[in-house]
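Accompanying notes for the structure given below.
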């Protein structure tokens, strides 16, 4: 007999009341059953009076104790062993309280000890049984869609994540999935079953198993899987007509409950991903917590992620500076929603080269730390815009450094690039010169300066991956400059975490290098992206070579051969040895470049820039020619 729809709706809206009523019935029934069993299915009149006298107290005690343990809140369809543990704990506490009440209220031996023991057993059994019965009904006996309409999947991983994923796949028909088997590399698990699904073999057998069982999807249910493990599985399945999906990383599973709904397509970042980075949380907190932090370029991909991660350490104020109004608006809204006190977030729209704006920010907010992420970074674009590249990346950075020293900023961290190593392009040369100025300003005392040098950041604004994805969405072709070109890559969160860590470590004007693993061939990146989209490289989507652009190298390096590399306390961070700087020549070049920008002498500015980073001396003739060119 089915209940009327209105009754079902009422029960759903008031499910806490319904659960309480069921529990009260179970409490009374367990107590009655204990007497009934104790006295051989017959209750003597004398004990009937004891039963009726003590029943209200018992039910009240159990109701309060079970409420304290939160046993009226859980959904019975998701009951688990943790719920059974809480039922046991609540029953023990309730029984002890009831014993105390009996001894104080009625005659000590009025309630037989065997009745109390049986009541405890029946309370646990009936409460647990009712909950697991509801779950069993929903999982086994409710009508489900036919398997013909479901996608067949192989689950990789027979651990706890795989077990929970299988449970939801099997008992949530709305997902439209049918698990045909499990794959796990643990030899001890081979031939076993999880929720009735058999463990068929090891990951190296995936291609054969996928074909043999008609699998359409491979679900990697290993939240701690490294990029190398995911890459191996993707490579094994290449050429098979299956899609590979993966659970997010452990740190992303905030809810603590692994759900198959959280499976997503494997992305390039997953294949690149390295082991989880362990940060010196205490060291970083000392530098950021309850401090005022200024982030320049806060609307960009690196700057915005810096702001997000800095906010986790609860600075007293976080100043977001960027000249892109929309970018500041979005990161400001995002951070305000996560901050108990929105006044801690200070958005500022403007150019960090604006001296008056900087003075206002320093006077009003008094930052103690600066993370300088504002910079022009596109190599071919800066080759065609030398004046703006030097004005922003060099002179603007110098002005910000000098303002930081003048206002007593404790720490200044600037982001550099691998293109600063033996630079052959304008962008790289500006970043190298900014490194040299940083070292000089640190040696002058006051503010502690540091620079962090890394390569390409996957997914950052204008980087190769978003361009490839856009080209793929448009049907191709994907353009690559050269079949042999390689680059170092990191993900945005990985890069920013190490920037913050290096910033906390900086003491002596160091240039830190981030361990980026092995360089990646760009063409392989394009091929993998096409494969992950379910298409075949060169067949479905072509790859076209366009040739290296102005200023681009075939390969990048994180350091020059003559730069000494030293380890640090963090295995992912290295540091360059000391660098010799001719301060007089450095200041001369900066002054000359400033004049050349004023007179818009592009050729002269380019020559001065590359001479400054090469360590060459101006000389009397060179000085006169530079000054003449800058004066027009």
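Each reported figure results from applying straightforward, stated rules to the coordinates on display, with no laboratory input. Just so we're clear, the structure is a prediction, and the values are computed from it rather than from any experiment. Note that each Cβ is placed from the backbone with ideal geometry, even for glycine, and that neighbours are counted across all protein chains shown.
Mind ranking 470-480, 378-388 by how tightly packed they are, going by the mean number of other C-beta atoms within 10 angstrom, highest first?
378-388, 470-480
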key: Tail beyond 13 Å, pair distance distribution of the stretch 336-389 (Cα, percent)   = 73
ask   = Under the classification rounded if a/c is under 1.5, otherwise prolate if a/b is larger than b/c and oblate if not, where does the stretch 449-508 fall, given a ≥ b ≥ c as square roots of the Cα gyration tensor eigenvalues?
value = prolate
ask   = Length gain on complete extension for the stretch residue 280 to residue 546, per 0.36 nm per residue less the alpha carbon to alpha carbon distance?
value = 91.4 nm
Rg followed by Dmax, in Å, when the stretch 406-483 is reduced to its Cα trace = 17.6, 56
440, 40, 540 arranged by Cβ crowding within 10 Å, fewest neighbours leading = 40, 540, 440
request  = Give the calculated FRET efficiency between residue 539 and residue 101 to the nearest 0.05, with a Förster radius of 56 Å applied to their Cβ-Cβ distance.
outcome  = 0.10
key: Ascending count of other beta-carbon atoms within 10 Å, so fewest first, for 485, 37   = 37, 485
message = For the pair residue 360/residue 46, report the inter-label distance in nm, with labels modelled 7 Å from Cα in the Cβ direction.
response = 9.2
note = In nm, the gap between the two label points placed 7 Å beyond Cα toward Cβ at residue 241 and residue 467 is 3.5
Scattering curve values for the stretch 187-236, log₁₀ I(q)/I(0), Debye with Cα scatterers, q = 0.20, 0.21, 0.22, 0.27 Å⁻¹ = -0.83, -0.91, -0.99, -1.28
task = Would you mind getting me the FRET efficiency between residue 566 and residue 474? Use the beta-carbon distance for r and R0 = 56 Å, nearest 0.05.
result = 0.75
ask   = For 599, 486, 417, 481, what ranking results if the residue with the fewest other Cβ atoms within 10 Å of its Cβ goes first?
value = 599, 481, 486, 417
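Sorted by average packing, counted as other Cβ atoms within 10 angstrom per residue and highest first, what order do 62-70, 220-228 take?
In decreasing order of mean packing, 62-70, 220-228 become 220-228, 62-70.
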key: Sequence ranges 501-509, 390-398, ranked by mean other-Cβ count within 10 angstrom, highest first   = 390-398, 501-509
